[in-house]
Every structure is written in C-alpha cells, then in structure tokens.
Amino acid sequence: MSTLQDQRRIVVGVDGSSEAVEAVRWAAAEAARRGAGLRLVTAVEWLDRPTVGAPVPGYSVADRLFELAATGLEEAETAAKEVVPDVAIGRETVVGFPVAVLASESRGAGLLVVGAGQGGRIASALAGSTAVGVATHAACPVVVVRGEDHGSTAPVVVGVDASPRGEAVLAFAFEAAAERGVPLVAVHTWGDPPGDARTAPMWSELVADAERDVAESLAGWGEKYPDLPVRRIVSHSSPARRLRELSEEAQLVVVGSRGHGELVGLILGSVSNAMVHGAACPVAVVRPTRP
C-alpha cells in the first residue's frame with residue numbers, strides 16, 4: 001500500500017547522460033514546488049559475461065555497468081542539490097529493462113521524469129523510444145524534459161480533449177499553471193476546414209459546438225482556480241503542428257496519453273509521440289480519466 005509520501009514522490013530515470021542531468025534539475029525544481037522528495041533510479045540490464053581484456057579476473061560487463069550506474073546517480077544527486085540544496089533524495093540501481101523498471105517505479109509515485117533522447121554511459125540508456133514506452137506504460141503522469149528553458153513566466157499549454165476522460169489532463173495542467181503562477185493556454189484543434197463552400201455552414205456549426213464544449217470542459221476548473229488566467233484556442237490545424245508552435249514559447253505542454261472525444265489526435269503514437277520527440281519545451285503525458 002502506497003503512502004501519501006510515496007504519492008508525492010517524484011521518480012527520475014538516470015543513465016549518466018547530460019539529458020538525464022537536465023531531467024534531474026527540472027525534477028528538483030518541481031519537487032520544491034510540490035514539497036516532494038526525489039527518487040533517482042538507474043536501470044541496468046543484467047549482463048553476466050566476462051569483459052574482454054578485463055583488468056581483474058572475473059571482472060564482468062555487469063560490474064562495469066554497476067560502477068557507471070553508481071557514478072551517474074552520484075552526479076545526478078549533486079545536480080539536484082545544486083537546484084534545491086535541502087531536497088530529500090533516494091537513489092537506487094535496479095536490474096531490469098528501463099521501461100519495465102520505470103513503469104514499476106511509477107506505481108504509487110506522483111510523477112515520473114525522464115530526459116529526451118537520453119543515451120548515456122550504461123547499456124540501459126533511456127533513448128527516445130524508451131521515453132515513449134515509459135509514457136505509455138507508467139501508472140502516473142510522465143514528464144519528458146526536452147527543449148529550451150523559456151523562463152519562469154512562460155505559460156503552460158494543454159491539449160484539450162472535450163470529453164469527461166480529459167479531466168485528469170486538465171487537472172494536471174491547471175495545477176501546474178497555478179503552482180507556477182503563470183497563465184494556462186487551452187488548445188483544441190481541428191483538421192483544416194474543407195474547401196467546398198457548400199459545407200461551410202456545417203463546418204461553422206461544428207466549430208461553434210467545439211468552442212462550446214471546450215468552454216464547458218474548462219468551466220468547473222475556472223471556478224476552482226478563479227485567479228488563473230486561461231486563454232482558449234480552437235484552431236483549424238494539425239494538433240501536433242499547433243502544439244509544437246505553442247511549445248516554442250511555453251514552459252510546459254500537457255497532453256493525454258490516449259485521445260477520446262473530438263480531439264482523437266491526442267494519443268501516444270501521434271500527437272503525444274510527436275510532442276515527446278519534437279516539442280520545444282518539457283512535455284507532460286497524463287493518462288486520461290477512466291469512465
């Protein structure tokens with residue numbers, strides 16, 4: 001049974017890369033905002049064979065990997081404390097495949113953080129495909145740290161799925177914006193409008209319905225966060241393209257791991273996948289609310 005402390009804890013995947021260090025720095029700042037602790041985890045795939053030219057008889061690839069893992073965790077802890085000196089930190093090297101290890105670590109955690117395109121010194125390096133796998137299988141929200149730091153006043157952007165299952169995504173986005181004291185930009189996108197003039201009235205009606213649905217989806221959250229500025233965008237464009245454009249001036253983009261309702265593009269493997277690989281700022285991937 002997970003404790004409240006476990007549920008607030010932020011888990012960070014570490015592999016000795018510079019991308020992982022940036023993820024740790026981001027997670028440390030987030031831990032300070034949440035009053036949470038950090039758990040730094042390195043996954044090492046078990047290799048039980050001698051190293052060619054090993055300096056010590058019996059010295060194995062596994063021995064070397066565990067040494068590198070320990071060094072990476074020490075460097076990660078140092079980086080975290082440079083951001084927040086008094087942050088509570090635990091660290092561990094776990095034998096197993098990265099996606100499976102981090103998915104297991106996500107159970108009971110409040111947030112899982114990885115770097116984008118990690119390719120560090122150990123065999124279980126968190127490559128971009130691993131970040132997608134973690135975002136797909138994690139039991140808690142996942143943040144993939146990538147892109148540039150656009151400053152502490154930059155907005156949070158959220159892709160809005162105007163259905164009840166999008167509530168978890170909105171909850172994460174509203175809280176993230178409120179914690180940072182910045183505006184929230186809520187985006188609902190459509191495909192490009194048809195060129196046939198005969199369908200224009202129907203299209204206008206659909207757009208009006210979408211705007212109403214988005215307003216209704218946000219209404220309850222506006223009551224909960226009355227002082228939070230919210231900008232609504234209903235856009236005739238590709239979801240991935242529009243969110244990518246907005247990420248260039250955002251400090252965080254929030255998307256769902258699977259899409260439901262009108263914004264069916266917000267699924268991991270399409271829009272979420274595109275954002276994990278191409279956003280200009282960190283991306284939070286949140287599991288939708290179950291019916």
Subset of the stretch 145-188 that is surrounded by fewer than 18 Cβ atoms within 10 Å (Cβ to Cβ) and either on the phi > 0 side of the Ramachandran plot or among the aromatic types (Phe, Trp, Tyr) (or both) - its residue that is modelled with the highest pLDDT
GLY181
Give just the number: which of (1) touching a strand residue (DSSP E or B) at 6+ places or on another chain (Cβ under 9 Å); (2) in a loop (DSSP other than H, G, I, E, B); (3) modelled with pLDDT under 95 does SER272 not satisfy?
(2)
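If we keep just the residues of the stretch 132-191 that are polar (S, T, N, Q) and assigned to a loop (DSSP other than H, G, I, E, B), which is nearest to PRO98 (Cα to Cα)?
Initial filter on the stretch 132-191 (polar (S, T, N, Q)): 136, 152-153, 163, 189.
Checking the rest, the ones that are also assigned to a loop (DSSP other than H, G, I, E, B) come to 152-153, 163.
On the way: SER152: 31, THR153: 34, SER163: 33 Å.
Of everything passing the filter in the stretch 132-191, SER152 is nearest to PRO98 (Cα to Cα).
Answer yes or no as to whether PRO193 is in contact with a strand residue (DSSP E or B) (Cβ under 6 Å, 6 or more places away or on another chain) and modelled with pLDDT under 75.
Working: in contact with a strand residue (DSSP E or B) (Cβ under 6 Å, 6 or more places away or on another chain): yes; modelled with pLDDT under 75: yes.
Taking the combined requirement at face value, the residue satisfies it.
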Say whether the condition of being surrounded by fewer than 22 Cβ atoms within 10 Å (Cβ to Cβ), modelled with pLDDT of 95 or more and not basic (Lys, Arg) is met by at least one residue in the stretch 128-139.
no
Pick from the stretch 78-100 the residues that are touching a strand residue (DSSP E or B) at 6+ places or on another chain (Cβ under 7 Å) and in a helix (DSSP H, G or I): which of them is farthest from ARG25 (Cα to Cα)?
PRO98
Of all residues in the stretch 216-251, which are in a helix (DSSP H, G or I) and touching a strand residue (DSSP E or B) at 6+ places or on another chain (Cβ under 7 Å)?
LEU218, GLY222, PRO239, ARG242, LEU243, LEU246, SER247
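The values are calculated or read from the model by the stated rules, or taken from the named source; none is laboratory data. Everything numeric in this text was worked out from a predicted model, so none of it was measured. Note: ideal-geometry Cβ built from the backbone for every residue, glycine included; neighbour counts use all protein chains shown.
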